[in-house]
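Report on the structure given below.
Values quoted throughout were computed directly from the atomic coordinates according to the rules given, and no laboratory measurement underlies them. Every value quoted in this text rests on a predicted model; they were computed, and no experiment measured them. Cβ sites come from the backbone with ideal geometry, for glycine too, and all protein chains shown count toward neighbours.
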Amino acid sequence: MKAKTWESLVEYVSKKFGDGEPLDVQAILFLIGVHELGQGYREFTKDEKINLLHIALCKLLSYYGYYDYVGKDQDGWPHWQTNKSLPKLTQEEQTRLMKEAAIRYFNQAGIKF
């Protein structure tokens, strides 16, 4: 992963969705979760915020074959099926994987940053 690409994504997302301060990986995952939910931004409960992060993680890890999308429930929340267990990764390796997948997510959405 090129650091410049991640930095470019952070700059783009921070300007578009934040107050200009650089967003961290968790904030970007939250935005991906909100987008995948497809209900627009609103106030979310603490449990809903955790679920949004889970949605983002499942979406991003689906690129690597770890999850498959199975559909939405009656409330419109997406659900995923586990295909295989994640390997043991260090915190640094997990962060790198999420950054790479987030870059791929925004690229596939056709967003230029």
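Computed values, structure above
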| quantity | calculated |
| --- | --- |
| Lysines with Cα under 29 Å of Lys16, excluding same-chain neighbours fewer than 8 positions away | Lys2, Lys4, Lys46, Lys49, Lys59, Lys72, Lys99, Lys112 |
| Partner aspartates and glutamates for Lys84 [C-alpha distance under 19 Å; skip if fewer than 8 residues away on the same chain] | Asp68, Glu93 |
| Cα→Cβ-extended label distance, 7 Å offset, between Phe17 and Phe113, nm | 0.8 nm |
| Calculated FRET efficiency for the pair Lys72/Glu92, C-beta based, R₀ 30 Å, to 0.05 | 0.35 |
| FRET efficiency for Leu53 and Lys4, using Cβ-Cβ distance with R0 set to 30 Å, rounded to 0.05 | 0.70 |
| Qualifying aspartates and glutamates (Cα of each under 18 Å from Cα of Lys15; at least 8 residues distant if same chain) | Glu7, Asp24 |
| Trypsin sites (Lys or Arg not before Pro) restricted to DSSP loop in segment 22-51 with at most 15 other C-beta within 10 Å | Arg42 |
| Residue among Lys15, Lys88, Lys72 with the largest mean-square fluctuation in a Gaussian network model of the chain, springs linking Cα atoms under 10 Å | Lys88 |
| Chymotrypsin sites (Phe, Trp or Tyr not before Pro) restricted to segment 23-93 and DSSP loop, no more than 14 other C-beta within 10 Å | Tyr41, Tyr63, Tyr64 |
| GluC sites (Glu not before Pro) lying in DSSP loop within segment 13-113, provided at most 15 other Cβ fall within 10 Å | Glu43 |
